[in-house]
Amino acid sequence: MANWLIAVRHGESTANAAFARGDSMEGVRDADVGLTDRGRRQAARLAGALLALGGDPPRTVLCSPYERARQTLDVLVDVHAAAGYPLPPAWYEPGLRDRGTGDLELLTPQAVRERFPQESARREREGECAYRPTGGGESLEDVVRRVRSVLDGFRIVGEGGDGAAGGPWLLVAHDAVVLALRHLLGPPLPEGAFVANGSFARWRNSASGWQLADWNRTPPVVR
């Protein structure tokens, strides 16, 4: 089981809930956005689903430093400990943070169109993968590069890396990071791929490389 890698997207955040209502969250740092009560329940259900997979528990845990990811991991830690499968101390990796959106941080699409009308046109012209939001934002290609750096640093991929030395692996992060992992480990992303709150993806490393076993797997919806 040492060659499994599981990547988790955090539970519903206060920003996710605000955007669903059509509200921006100006004045709040993206890094400080935490979970809603529903997000905590999603994380608890997710922890149960991970335990139900069986096999060896993770030997290495990597987590985004953003608050919503940290709170999700806290729930996973508590549920695993209560079940008698304590998780090891986590590495909080800046390279697993969410995509930086610069001046557009925590603005709804409608607010972006109203305040930065030129950005919508530029985004369409450059394409989602290459588009960097104004004010120091990141493209999806930028996210892929820094996630690749994390995988290289922990010898999950890259020269001398077999994905097994520190595995099984558990990564707790964001939708952009999970999509970057899919880009790096395969298979190719389908059109319109997304990552749900409180979901996980799982890869197994074999002689032929990383093989996707689960994608966007989400426990039952909680209200």
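The values are calculated or read from the model by the stated rules, or taken from the named source; none is laboratory data. In this text, all values refer to a predicted model and were calculated from it rather than measured experimentally. With ideal geometry, Cβ positions are generated from the backbone for all residues, glycine too; neighbour counts draw on all protein chains shown.
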**Message:** Taking the criterion of being touching a helix residue (DSSP H, G or I) at 6+ places or on another chain (Cβ under 7 Å) and closer than 23 Å to P220 by Cβ, would at least one residue in region 104-120 satisfy it?
**Reply:** no
**Prompt:** Can you tell me which of A69, A83, A52, A31 is among the aliphatic types (A, V, I, L, M), within 29 Å of W169 (Cα to Cα) and buried (at least 19 other Cβ atoms within 10 Å of the Cβ)?
**Reply:** A69
**Condition met for A44 (buried (at least 16 other Cβ atoms within 10 Å of the Cβ), touching a helix residue (DSSP H, G or I) at 6+ places or on another chain (Cβ under 9 Å), within 18 Å of D175 (Cα to Cα) and of a type in the set (A, V, I, L, M))** = no
**Asked** Do we find that E12 is in contact with a Gly (Cβ under 9 Å, 6 or more places away or on another chain) and either within 26 Å of R146 (Cβ to Cβ) or of a type in the set (D, E) (or both) in this structure?
**Response** yes
**Among residues of region 111-161, those that are surrounded by 12 or more Cβ atoms within 10 Å (Cβ to Cβ) and either β-branched (V, I, T) or assigned to a helix (DSSP H, G or I) (or both), counted** = 26
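Can you name every one of the strands (runs of 3 or more DSSP E) wholly within region 1-95 that holds 2 or more residues which are over 19 Å from the mean Cα position of the chain (by Cα) and of a type in the set (S, T, N, Q)? Give the steps one after another, and end with the answer.
Working: elements: 4-9, 60-63, 90-92.
Here the list is empty.
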**Complete:** Checked against (1) assigned to a strand (DSSP E or B); (2) modelled with pLDDT of 95 or more, N205 satisfies every condition except (2)
**Request:** Can you tell me which residue among G39, G48, G54 is free of Cβ contacts under 8 Å to residues at least 24 places away in the same chain and among the small types (G, A, S)?
**Result:** G54
**Item:** Candidates A176, A193 - the one that is more than 24 Å from T60 (Cβ to Cβ) and either in contact with an Asp or Glu (Cβ under 7 Å, 6 or more places away or on another chain) or at pLDDT below 95 (or both)
**Value:** A193
**Asked** Looking at (1) farther than 17 Å from R202 by Cβ; (2) at pLDDT 95 or above, which is the only condition G27 fails?
**Response** (2)
